[in-house]
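The values are calculated or read from the model by the stated rules, or taken from the named source; none is laboratory data. Everything numeric here is computed off the predicted structure, so don't read it as measured data. With ideal geometry, Cβ positions are generated from the backbone for all residues, glycine too; neighbour counts draw on all protein chains shown. With ligands, DNA and RNA removed, areas are computed over all heavy atoms of the protein, side chains included. Shrake-Rupley method; radii C 1.70, N 1.55, O 1.52, S 1.80 Å.
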There are 4 protein chains.
Amino acid sequence: MLRRGGAKMLTKYGMDLATAEALIDVAQQAAAAMSVPQNIAVVDESGNLVAFRRMDGAKFFASEIAMAKAFTAAGTRRGTHETYPATQPGQPAFGAQALHGGRFTTIAGGLPLMLADGTVVGGIGVSSGTAAQDLEVAQAAVAAFATLVQG
Amino acid sequence: MLRRGGAKMLTKYGMDLATAEALIDVAQQAAAAMSVPQNIAVVDESGNLVAFRRMDGAKFFASEIAMAKAFTAAGTRRGTHETYPATQPGQPAFGAQALHGGRFTTIAGGLPLMLADGTVVGGIGVSSGTAAQDLEVAQAAVAAFATLVQG
Amino acid sequence: MLRRGGAKMLTKYGMDLATAEALIDVAQQAAAAMSVPQNIAVVDESGNLVAFRRMDGAKFFASEIAMAKAFTAAGTRRGTHETYPATQPGQPAFGAQALHGGRFTTIAGGLPLMLADGTVVGGIGVSSGTAAQDLEVAQAAVAAFATLVQG
Amino acid sequence: MLRRGGAKMLTKYGMDLATAEALIDVAQQAAAAMSVPQNIAVVDESGNLVAFRRMDGAKFFASEIAMAKAFTAAGTRRGTHETYPATQPGQPAFGAQALHGGRFTTIAGGLPLMLADGTVVGGIGVSSGTAAQDLEVAQAAVAAFATLVQG
């Protein structure tokens, strides 16, 4: 928290472009290694888009889904698949997917990007493969981010 | 019901700002006591927003959800969690969450604000914690409202 | 810019709730002094809502407009009325109001909230009176913010 | 046009990721040379997003506008500023900005990406500076594309 005169402002840490691009590079390599072209999106701590790439051959349809995954992961501060169980029939967050005009998704492939102290500084979303493939690619980027952050 | 000449107009009782702010104060204290920063919204009897606060550290993502909870509670005239069972698979209101452009939610944390005679004069919605935490905070505000109304 | 290991994160300053509420207090007093009840919204540096109040008697319709004004001012980093001329027929930004799903407005009454060095940390939007009245109320809050910041 | 048996399929040429990234590199350098951080978007021949970058310090608000510019340029097959005159009061396309849910923009900074024979294979959109600055950056990318295509 910053004090400037009487005003205290919140201090936030958000995703810079160079880091976002580096994470997408890692994700892209992981996707290429699996021979599954992907849409990859990175948003900042407030859910706004920082960078996006659609690999050649990835589904055009899944670009919005990748962005929704990144948005949801940054907003909920956890993996989209981690929110999934609570949204099942009989569970407390059933129906959550209709919120945020369809940008709230619990399909695997969205992960928060966190500093070592747990502060969420962004989110990554991957979509075009199976949910499991999407998650694996996102995890590769998150692992790389952890190394950068702890480095 | 007021009659002016031949026309009868509806008399509505809606949430005033001072009361809405007082309820948010109570909710905010309850949230602080739980160490869970929250988004808190109060709407009037017509579902329109009267007051809103996002406590420092609450999820930006949950501000719309808090507003959706307040809107749904005022609109359905019951707690969002009370509408929940009817929206489950096989139940009559299944799919209701897709209505109102994603502003219809059955996640716990939205409660109607009622006069002693049951007239709904508004709704409160809380979102950023677990569904149980959100509901607990909303209940604190509703209890305070009951006291205010009974004077 | 923060460096944590190899990752540099952007450092952002955003609106905290206490400051947002203090600014709305000032706006509310200015509106009361003019006998024009208002909707008043404050967003953070990323355009997300921090606090909102609708004064008793203010137009329900204008609550969304107040939020749009705050969003636009934070997003464009200038007063909504300052963007207005460029959106007139024959001017370069004609038609801009259709962007952002109708949340881009150039009606007076939205102002950015800036630190002394010009960093935009939020926006305030006021709507329910005439454009001139709305702007006057927003300006009162901005003046108060400048004092807080320079303190 | 490809014939396979009796069916003739359309052959389309669209933007690949490597080219899109190369164009964004050029745009980013042009923006850096002007000291105006930008949002830069490239879409394919069908209007779908291929790549996007928000440079550090660019307006979060303008990311959607950059995407709208790229979408409009690919869709209209001309610069957004070239469609502008026809949308003025009294002109045949007046009101066009309200189409496509607010993704139709005539603010300068969106340009089609064309093969030497005039085939549109994508669009680029730039937004965060003045309309003139945005256009200049987009033109730098289009010039680079012309060289690549003729190369």
If you scan region C:87-124, which residues turn out to be in contact (Cβ under 8 Å) with a residue 60 or more places away in the chain and within 14 Å of chain D (Cβ to nearest Cβ)?
C:Thr119, C:Val120, C:Val121, C:Gly122, C:Gly123
Is at least one residue of region D:99-114 over 20 Å from D:Ile24 (Cβ atoms), in a helix (DSSP H, G or I), modelled with pLDDT under 95 and open to solvent by less than 50 Å² (accessible area, probe 1.4 Å)?
yes
Every residue from region D:1-34 that is at pLDDT below 95, within 13 Å of chain A (Cβ to nearest Cβ) and open to solvent by 50 Å² or more (accessible area, probe 1.4 Å)
D:Lys12, D:Tyr13
If we scan region B:73-86, do we find a residue that is within 30 Å of A:Thr11 (Cα to Cα), open to solvent by 10 Å² or more (accessible area, probe 1.4 Å) and either facing chain A (nearest Cβ under 10 Å) or not β-branched (Val, Ile, Thr) (or both)?
no
Hits in region C:131-140 - residues which are farther than 17 Å from C:Ala68 by Cβ and without any contact (Cβ under 8 Å) to a residue 60 or more places away in the chain:
C:Ala132, C:Gln139
Of (1) surrounded by fewer than 18 Cβ atoms within 10 Å (Cβ to Cβ); (2) small (Gly, Ala, Ser); (3) under 29 Å from B:Pro85 (Cβ atoms), A:Ala93 satisfies all except one. Which?
(1)
Can you name the residue in region A:35-49 that is open to solvent by less than 10 Å² (accessible area, probe 1.4 Å) and under 11 Å from the mean Cα position of the chain (by Cα) and, of all such residues, is nearest to C:Asn48 (Cα to Cα)?
A:Gly47
Condition first: closer than 24 Å to C:Lys69 by Cβ, open to solvent by 10 Å² or more (accessible area, probe 1.4 Å) and outside any strand (DSSP E or B). Now tell me which residues in region D:52-62 satisfy that.
D:Gly57, D:Lys59, D:Phe60
Do we have any residue at all in region C:124-135 that's surrounded by fewer than 22 Cβ atoms within 10 Å (Cβ to Cβ) and charged (D, E, K, R)?
no
If I ask for residues that are open to solvent by less than 40 Å² (accessible area, probe 1.4 Å) and at the interface with chain C (Cβ under 7 Å from one of its Cβ atoms), which ones from region D:63-72 would you list?
D:Ile65, D:Ala68
